[in-house]
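One structure below.
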2 protein chains.
Amino acid sequence: MISSNAETEAGQRGPADHAIREQVVTAAKAHFIRYGYAKTTVSDLAEAIGISKAYIYKFFESKQAIGEVICGGALGAIDQGFAEVVASARTPTEKLRKGLETMVESSTKLFFSERKLYDIAAHSCLEKWRSSNDHWDRVLQRVSDIVSEGRKKGEFERKTALDETSRSIVQAMQPFINPLHLQHNLDLVPTQSNEVIRLILRSLAP
Amino acid sequence: MISSNAETEAGQRGPADHAIREQVVTAAKAHFIRYGYAKTTVSDLAEAIGISKAYIYKFFESKQAIGEVICGGALGAIDQGFAEVVASARTPTEKLRKGLETMVESSTKLFFSERKLYDIAAHSCLEKWRSSNDHWDRVLQRVSDIVSEGRKKGEFERKTALDETSRSIVQAMQPFINPLHLQHNLDLVPTQSNEVIRLILRSLAP
């Protein structure tokens, strides 16, 4: 999540691989899961690790900057599941269907198993944090790659602009893959999410 | 919104066409628009009209029952706009495209022109009030009628079950026609909503 160019990434500061950075993130994750993002302060984290608040600020510009790392991890895991399923599927149709199904599943699982982490992810999508914007860029790129492959193989139609097709697929799936929206649609998973996935696949017919 | 069988409809009581009922709804609408649904009490309304709280409760079971009528009116206007556009369009494809575009437009307009009414509509969708459930039933029925007509005329594919097709269309449009979700997607209207509408139309190709 953190490159060596940490300074430029969503409020990250100082050396990227410093042990303290990892300690802060670990403590923050535990606190956020237990008490929630809103109720945790940077002072709480400093106290938990036994360092000063000022020392934490050497690595993170703000509480949000710590939240970004944790949110990036949660959303990254969802994206990673998508990537793994896509890698093991044979055809572009199967890649898209299974990839989207998996995103719905893992987002739903995050809600039920790690609700506080889910809430940070939803908050991140609401506030358009860097971590969520990066996530949606990755998802869009994955979808675009699959559509592109499907066009080359003659499985998908080619008349619509590739970027429009990809964007509209990700958009139509938002009720089920965006944590901000999914929490209101849990009773529709997986029946109606699968129906929308099938609608998307029909829209791709050559 | 209120039938003569008022007793059975979402907390409505007593005679349907009583003048007091209308006075309460008018006062409530004015209060909700000015102060918001949450901050208005039944006492406020009683005081504004100059009657007792008990008298209001002869007509409405609760504040929500009054909210249902007002929300039903706001959502009903959106549905009405949909119906009018559909009536004047020539082909099923045009009916669906223009009908959905109009729903997006009128929902967006409600947000910017009558924000407090919009908030009640969003709340109603969140809490699955009767007024919003009825609204979604009507929207689904309209979409189903258009798809059915398009199938008969050979414009739309017939392999998928009609109810699945209709449901998935309404579902894919939720980010742009459901007040609960639209408020987070206003910057995507109309470019991305139109892209999703075109995706839906491609999915209907025979």
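The values are calculated or read from the model by the stated rules, or taken from the named source; none is laboratory data. Owing to the predicted nature of the structure, the values given are computational and were not obtained by experimental measurement. Positions of Cβ are generated from backbone atoms using ideal geometry, with glycine treated the same way; all protein chains shown enter the neighbour counts. Only protein heavy atoms, including side chains, enter the accessible area calculation; ligands, DNA and RNA are left aside. Shrake-Rupley method; radii C 1.70, N 1.55, O 1.52, S 1.80 Å.
Odds and ends about this structure:
- Filtering region A:173-191 to residues that are open to solvent by 40 Å² or more (accessible area, probe 1.4 Å) and within 11 Å of chain B (Cβ to nearest Cβ) leaves A:Gln183, A:His184, A:Asp187, A:Thr191.
- Condition check for B:Thr41: of a type in the set (Val, Ile, Thr) and in the same structural domain as B:Arg13 (by TED's automatic domain parsing): yes
- Taken over region B:116-156, the criterion of being in contact (Cβ under 8 Å) with a residue 24 or more places away in the chain and among the basic types (Lys, Arg) is satisfied by B:Lys116, B:Arg130, B:Arg138, B:Arg142, B:Lys153.
- Total residues in region A:164-206, condition acidic (Asp, Glu) and either touching a Ser or Thr at 6+ places or on another chain (Cβ under 9 Å) or under 18 Å from A:Phe111 (Cβ atoms) (or both): 2
- Of residues in region B:134-172 being more than 18 Å from A:Val189 (Cα to Cα) and among the polar types (S, T, N, Q), the one surrounded by the fewest Cβ atoms within 10 Å (Cβ to Cβ): B:Gln141
- Among residues of region A:131-158, those that are of a type in the set (Lys, Arg), under 23 Å from B:Leu204 (Cα atoms) and in a helix (DSSP H, G or I), counted: 2
- B:Ile120 meets all of the listed conditions (1) farther than 20 Å from B:Arg198 by Cα; (2) at pLDDT 95 or above; (3) touching a Cys at 6+ places or on another chain (Cβ under 6 Å) but one, namely (2).
- The single condition from (1) open to solvent by less than 20 Å² (accessible area, probe 1.4 Å); (2) within 15 Å of A:Gly72 (Cα to Cα); (3) not in a helix (DSSP H, G or I) that A:Lys128 fails is (1).
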